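Throughout, read-outs are computed from the coordinates displayed, never taken from laboratory work. Predicted model only: the values in this text are computed from it and were never measured. Every residue, glycine as well, gets a Cβ built from its backbone with ideal geometry; the counts of neighbours run over all protein chains shown.
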Amino acid sequence: MLTRCPRSALVGITVIAMATLFIGFIASAGLAENTPSKHMYVANYTGGVYRYPIETSGLPAPRPDLVLTSVLKSPDGLAVDSRGDLFATDSDNPSMVYEFPFGASGNASPSREFSIGTDIAYYLDVDRNGYIYVEDLNALAIDVFAPGVSGNAKPLFQIINWPTQRTIINDVTVDSQGRLFVSVRLLGIFVYDHPLQSWKQPSRVLHEQLPSGYLAGYGPTAIDDSTSSVYSSSFPQIKQPWGRGDFAKMNIDGRTEKTDPQIFTRDCYYGGLYSAAISGPYILTSCNGAPSDVFAYRKDAFGRQRAVAAIGGVQSPTVVRLGP
């Protein structure tokens, strides 16, 4: 089995507490057609979670309106439920999952926490009914927990429909309809339309080989509910653990695997895109490489493009999420 890179160099968007934060506009931004989320939540691997208001343009504000530090010394998994409650995993206590109420800041204590035993909790997300989907890094599986679980928790069941040799899970995402998307390197995005009822087999697997030879549907994933589309980072057909700095847009329901033209995110020139989210007309991405930044691109401006906005000073990215 391939080993994941050190947790200090893992996927997503991180804002370093003492770093200078800026948003530089490279091109003018239009009004968002639909901006359902009010905040962007950013896990800072050196400690805490930062919350940024989403402006009417669909871009995040240049500065956070609150910072949650608490027990989160090195958070690297983050989810936000429909109420705005935060769920996080932390490499300092790798078997724990913490929940914080909406608006928690400073040194606020978790409102709930549970342990998955001796296993390592990593990526996670929460569906609209409060079920929690947690990557079990040891088993290379998704553990599903009931709403309200606490203490030493046992999952309701475990999802594992892929070979556990020579691969890793790159993302776990639940969309607004409750569909579960698990991005598995070199195998594709395993989609479960009704994960609580039909979890023994995926509803479909999304992937595409692009004309360039790169593989779409294998890396960090962003779901666009407004157009029923999946944006996924692509991979070269070599054994590397992260997606490269491009996105391909695919049909969410699998009726076709024809891929729209790629977004060539050339701002991330030495690393891969580690996390992604859709905000109005933009796809917000993180880059672990040089530079290690947060970038915003117009989600349908395909072809070679530069970022519309960039958040600099990011040193060691983890996860970005959108929520109330």
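Computed quantities for the displayed model
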| quantity | calculated |
| --- | --- |
| Extension gain (nm, one decimal) between Ala146 and Gln197, 0.36 nm per residue minus Cα-Cα | 17.0 nm |
| Spin-label proximity, Arg63 to the range 90-118 - amide N less than 17 Å from point 7 Å beyond Cα toward beta carbon | 106 |
| Inter-site label distance for Lys73 and Gln158 at 7 Å from Cα along Cβ, in nm | 2.8 nm |
| Estimated distance in nm for a label pair at Ser226 and Asp300, the labels positioned 7 Å out from Cα along Cα-to-Cβ | 0.9 nm |
| Ratio Rg/Rh [Cα only; Rh per Kirkwood] for the range 87-223 | 0.99 |
